[in-house]
Amino acid sequence: MDDIVIIRKGEYLNKATQETGYIGVIASINQVEISELFISKGKLLLLIPGVTGLVNEFAYLLEGELVEEGGAFTIGRGDCFYISNLNKTLYTRASEDCRMLYLS
């Protein structure tokens, strides 16, 4: 049988907490980090271009809603989004507490 790695709820390789919420790295596999990202209601989530322009990011919103500050889009529970070669910072705000699965 192949090995299986079980990671229990709340276990992280590392976790960074701020006033806005937290990000906890759940696993790092073949240069892909899988994290849980939590943004508190009313706080901003900035989607920032990568230094090289080659950063790829994917998120699946498990709970909550994100609204782009200019009203261009809303991302709700069950929606997912990805960023590839972003050339400007996008400002989104949590209209309620948000929890997402985040891959980078």
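Name every residue in the range 51-79 that is modelled with pLDDT of 95 or more and exposed (fewer than 12 other Cβ atoms within 10 Å of the Cβ), in order of residue number. Within the range 51-79, just 78 meets the criteria. Restricting 50, 78 to residues that are small (Gly, Ala, Ser), outside any strand (DSSP E or B), at positive phi and without any contact (Cβ under 8 Å) to a residue 40 or more places away in the chain narrows the list to 78.
When you look at residue 35, is it among the hydroxyl-bearing types (Ser, Thr, Tyr) and in contact (Cβ under 8 Å) with a residue 60 or more places away in the chain, yes or no? Here the answer is yes, as residue 35 does meet what is asked.
Candidates in the range 81-96 are the residues that are part of a strand (DSSP E or B) and open to solvent by less than 80 Å² (accessible area, probe 1.4 Å); of these, the one that is farthest from residue 20 (Cα to Cα) is 84.
Among what's in the range 8-47 and is of a type in the set (Ser, Thr, Tyr) and in a loop (DSSP other than H, G, I, E, B), pick the residue that is nearest to residue 100 (Cα to Cα). Filtering first and then ranking leaves 40.
Select from the range 29-50 the residues that are open to solvent by 70 Å² or more (accessible area, probe 1.4 Å) and at pLDDT below 95 and list them in ascending order.
So the first thing to find is which residues in the range 29-50 are open to solvent by 70 Å² or more (accessible area, probe 1.4 Å), and the list is 29-31, 33, 41, 46, 48.
Within the range 29-50, 29, 30, 31, 33, 46, 48 meet the criteria.
The values are calculated or read from the model by the stated rules, or taken from the named source; none is laboratory data. Nothing here was measured: the structure is a model prediction, and the numbers come from that model. Methodologically, a virtual Cβ is constructed for each residue, glycine included, from the backbone with ideal geometry; neighbour enumeration extends over all protein chains shown. Areas reflect the complete protein model, heavy atoms only, side chains present, ligands, DNA and RNA absent. Shrake-Rupley method; radii C 1.70, N 1.55, O 1.52, S 1.80 Å.
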